[in-house]
């Protein structure tokens, strides 16, 4: 469980999370966003980590985690070049 995070939508199926903790590429998790209306239930999305990297925010190290909420998540790996 990631606490104290900033979450923003990035396109149709991607989310950016700024967290104190790192995530592992390929890790599956549940993105749980509270709805704006108090009476509505929380919105939950299965998500896959497609990128996690350290960043500096306000002078402190955080982790920028990119999530994909559609199936299957497009995890991209650098192609090997044959010589």
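Just so it is clear, none of the values below were taken in a lab; they were calculated from the coordinates. All figures in this text were calculated on a predicted structure; none of them were measured in a lab. Reconstructed Cβ throughout: ideal geometry from the backbone, glycine too, with neighbour counts over all protein chains shown.
Laid out as a table, the results:
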item	result
Relative contact order [Cα under 8 Å, 6+ residues apart], the stretch 6-68, whole percent	38
Residue exposure sequence - 60, 14 - by fewest surrounding Cβ within 10 Å	60, 14
Calculated P(r) tail over 19 Å for the stretch 6-68, as whole % of Cα pairs	34
Label-to-label distance, nm, for residues given as residue 13 and residue 30 (7 Å Cα→Cβ offset)	2.2
